[in-house]
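Reading through the C-alpha cells given below for one structure.
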Amino acid sequence: MKCALLSALAVASAVTQASAHYLFPALVVDGKSTGDWVNVRMTNNHYSNGPVTDVTSPDIRCYTSETNAGATTANVTAGSTVGFTAVTDISHPGPALVYMAKAPSQAAGWDGSGAVWFKIFEMPPTISASGMTWPSSGLTQINFPIPKSLPSGQYLIRVEHIALHTAGSAGGAQFYLSCGQVNVANGRSGSPSPLVSFPGAYKATDPGILINIYYPVPTSYTMPGPAVWHG
C-alpha cells in the first residue's frame with residue numbers, strides 16, 4: 001500500500017511539473033497551424049515539456065540532440081506574419097524571442113552551427129513600481145513578422161521563451177525552444193545583423209538570464225542576445 005501511494009504521488013508530481021512546462025510544436029502560416037512536428041523539428045521534450053537550462057549545451061540551438069529530428073519546409077513570404085503554437089500556454093514569466101538563420105542551400109538536414117543566427121523579434125517586459133509584466137504570459141501562440149527585406153531562400157527559424165521564475169541563481173533560467181524550417185519567397189537584398197551562434201549567444205551570467213524578477217523589483221531589464229534586425 002505504501003509503495004503504491006508513493007508511486008501515485010511520484011506520478012502526480014511528474015504530471016504537475018510537466019503541466020507547468022510547455023513547448024512549441026507547430027508553425028502558423030497564413031493564420032493556420034501547419035501541424036505538430038511537420039515544419040518544426042521534434043524536440044527532446046516532446047513528452048516531458050522540460051526546458052534546457054545550460055546555455056553552453058548544443059541543445060540551446062534547436063533542442064534535438066536525442067530526437068535528431070528532421071522536418072519539411074514551409075513556404076512563407078517576406079513581410080508576412082508567421083507564428084509558433086505553444087502547448088500548453090506559456091505559464092512562466094519571461095521574454096519571448098525569435099531568431100532566423102539562412103541555410104547554405106536547403107534547411108532540411110542543416111544543423112544551424114556557427115555565427116549565422118540573427119534576432120527578428122522579441123517581447124520584453126513592462127516594468128512598473130509593482131513589478132514586471134510579461135506580454136507573453138498566457139499566450140498559446142507567438143506571432144511575428146518575417147522582415148520585408150530578408151533575402152529569399154531557406155532558413156531555420158528558432159522560437160524561444162526564457163522562463164525567469166527561478167532565475168535568481170546561475171543555471172536557474174529555463175529555456176523553452178524549437179526550430180522550424182521555412183522557404184522565404186519575395187525577399188529583397190537586406191543584410192541581417194548582428195550574427196550570433198548557439199551556443200555562444202548567451203552566458204549564464206547575462207543580466208537578462210541571471211536575475212531575481214521578484215525582489216527587489218527590477219527597474220530595468222536587458223533582453224538577452226543581440227539587437228533585433230527589423231529589415
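Bear in mind these aren't lab numbers, they're just calculated from the coordinates by the rules spelled out. As the structure is a prediction and not an experimental result, all values here were calculated from the model. When we count neighbours, we look across all protein chains shown, and the Cβ atoms used for this are built from the backbone with ideal geometry, even at glycine.
Quick rundown of the values:
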read-out: Environment charge at ALA201 (Cβ cut-off 11 Å; Lys +1, Arg +1, Asp -1, Glu -1); value: +2
read-out: The chain: relative contact order as a whole-number percent, Cα under 8 Å and 6+ apart; value: 25 percent
read-out: Relative contact order, percent, segment 132-231 [alpha-carbon distance under 8 Å, six or more residues apart]; value: 31 percent
read-out: Space enclosed by the convex hull of the alpha-carbon atoms of segment 52-176, per residue, Å³; value: 131 Å³
read-out: Segment 115-184: trypsin sites (Lys or Arg not before Pro) falling in loop per DSSP and having at most 16 other Cβ within 10 Å; value: LYS148
read-out: Rounded to whole Å, sorted largest first: equivalent-ellipsoid semi-axes of segment 71-113, Cα gyration tensor; value: 24, 14, 12
read-out: Which labelled figure in (i) 78, 42, 34; (ii) 64, 43, 31; (iii) 56, 34, 33 is Cα extents along the principal axes in Å, once derived from the coordinates; value: (ii)
read-out: Gaussian network model of the chain, Cα within-10 Å springs - most flexible of PRO216, PRO51, PRO95; value: PRO216
read-out: Nearest-ten-degree value, helix 2-19 long axis tilted from longest Cα axis of the chain; value: 30 degrees
read-out: Dipole magnitude of the chain about its Cα centre (Cβ charges: Lys, Arg +1; Asp, Glu -1), debye to nearest 20; value: 260 debye
read-out: Label-to-label distance, nm, for residues given as SER191 and LYS203 (7 Å Cα→Cβ offset); value: 2.8 nm
read-out: Estimated 222 nm signal from helices in the chain, with DSSP H stretches of n ≥ 4 weighted -39500 (n - 2.57), rounded to 500; value: -2500 deg cm²/dmol
